[in-house]
Amino acid sequence: MAVATILMVDDEYEIIKLMEIYFKNENYKLLKASNGLEALEQLERNVVDLIVLDVMMPKMDGIEACMRIREKNHIPIIMLSAKSQDIDKISGLSVGADDYVTKPFSPLELVARIKAQLRRVNHFQTARKNNEDEIRIDQLVINRASHVVTIDDEVVKLTPREFAILLLLAQHAGKVLSMDQIYEHVWQDPFMESKNTVMVHIRKLREKLEADPQKPRYIQTVWGIGYKLKGDMQVSEDD
């Protein structure tokens, strides 16, 4: 992950100064604000990875600031408060905070909480990116970025041509593609009576993908026209 930018919002200058030392050791970039209004201004000007937000501050307190921040984004927020009653924790978490640390706190504990939140976000973003690269049709999963194909979580080894044919059919799931459309797209050559070439590759694909190639579940033949991939397609972005 790139260097994380932490926005620390607290009207106690000594606390920010102390945490600046720990953040520097972790190679975090620190942005500072002394109240909720300054925090909102910082967010308008900078890309922030995580916010440490005190509850009790002048001009705009942490609760209101958290509510305002959550109107626009989902940056992880760790609330700070000198109060330890459960009702204060509930108030902070109910307006959108991700974690809660009570003052006085150990700087090492706060750093550990920050690391945990950044790991969670990084994991989510990685999973989301992987999902965006995937096309799912029933138990068949095609990853466009890695060129990995799985069925029931088992990897299916395909040649580059086989993968290209399968991906083409998946991107047009439910639509019949003629042999010449498949050939010209995959081989990047004009279709010159190359039916056998396409048929051989389809047969090999079925042997690898289908439990019973004679009764294909995924790659369907539409006689006299071509082939289509059958199933309920799920993608995470428009194709």
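Every number in this text was worked out from the coordinates using simple rules, so none of it is lab data. No experiment lies behind these values; they were computed from the predicted model shown.
Annotations
- Within the stretch 153-233, the percentage of alpha carbon pairs spaced more than 15 angstrom apart rounds to 54%.
- Volume in Å³ per residue [convex hull over Cα atoms, computed for the stretch 3-71]: 70
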